[in-house]
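Some notes on the structure that comes next.
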Amino acid sequence: MQFHGLIHQFPKEVKLLIGTFIVVLSVGYYTGLAFVHETTDNTPTGIEEQYLGNENDEEALVMKFKKKKQAIITLIHNHIISLSVLFFILSLLVSFTSYNKTLKKVVMIEPFLSIIVSFGGIYFMWKGMSSLKYIVMISGILMTLSFVTASLMVLVSLLKKQQEKV
């Protein structure tokens, strides 16, 4: 079955449903990013302190403690499951667009790699490999770029008229 470009043939009500889904999904995703900014200041040190605490920093404005094992496992589990579902649905929608197939493959697969690297990195950083904070930050940025790109690809495709076949 050929999915490439199929989105242009969807009925208007399905396009409206998909567009609404992408907008609401984006609100949720960007709210999550706001939470990350609030808790880490979007810095490697902030990421490290969020999971490992900052009890040794007497000048810290907010005291943070190392997360307990149950909290880390719950956080990783919840994020891997929910983000996998989110990116699976988003990737399916991207597969229906008429963009370059190589670009689509990258945008569809990269977030799954970033999920594993980000949350695997958080776990191993929590276990003591604090230098992984940089990898966690980079993979989080790549995941967000993939989300933004995929969302825009779908939204733009929903607005485009069906291309005539030559």
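The values are calculated or read from the model by the stated rules, or taken from the named source; none is laboratory data. Predicted model only: the values in this text are computed from it and were never measured. Glycine also receives a Cβ, built like all others from the backbone with ideal geometry; neighbour counts cover every protein chain displayed.
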ask   = What is the number of the single condition among (1) farther than 25 Å from Ser139 by Cβ; (2) surrounded by 11 or more Cβ atoms within 10 Å (Cβ to Cβ); (3) of a type in the set (A, V, I, L, M) that Met1 does not meet?
value = (2)
ask   = On the given criteria, is Tyr30 surrounded by 11 or more Cβ atoms within 10 Å (Cβ to Cβ), assigned to a helix (DSSP H, G or I) and in contact with a Phe, Trp or Tyr (Cβ under 7 Å, 6 or more places away or on another chain)?
value = no
query = For segment 111-146, which residues satisfy the criterion of being out of contact with any Pro (no Cβ under 7 Å at 6 or more places or on another chain) and under 22 Å from Val27 (Cβ atoms)?
reply = Pro111, Ser114, Ile115, Ser118, Gly140, Ile141, Leu142, Thr144, Leu145
Residue pairs meeting the criteria (Cβ under 8 Å; at least 6 apart or on separate chains; first more than 9 Å from Val107 (Cα to Cα) and surrounded by fewer than 17 Cβ atoms within 10 Å (Cβ to Cβ), in segment 137-152; second polar (S, T, N, Q) and at pLDDT 95 or above) = Leu142/Ser114
Count of segment 55-96 residues which are touching a residue at least 12 places away in the same chain (Cβ under 8 Å), aromatic (Phe, Trp, Tyr) and over 19 Å from Val36 (Cβ atoms) = 1
message = I'd like to verify a number: residues in segment 33-47 that are free of Cβ contacts under 8 Å to residues at least 60 places away in the same chain and either closer than 18 Å to Ser82 by Cα or loosely packed, with under 12 Cβ neighbours inside 10 Å (or both), how many?
response = 3
Matching residues in segment 83-107 - criterion: being surrounded by fewer than 20 Cβ atoms within 10 Å (Cβ to Cβ) and aliphatic (A, V, I, L, M) = Val85, Leu86, Ile89, Leu92, Leu103, Val106
note = Residue set Tyr99, Tyr134, Tyr123; condition closer than 29 Å to Thr20 by Cα, in contact (Cβ under 8 Å) with a residue 24 or more places away in the chain and in contact with a helix residue (DSSP H, G or I) (Cβ under 8 Å, 6 or more places away or on another chain); output residue Tyr99
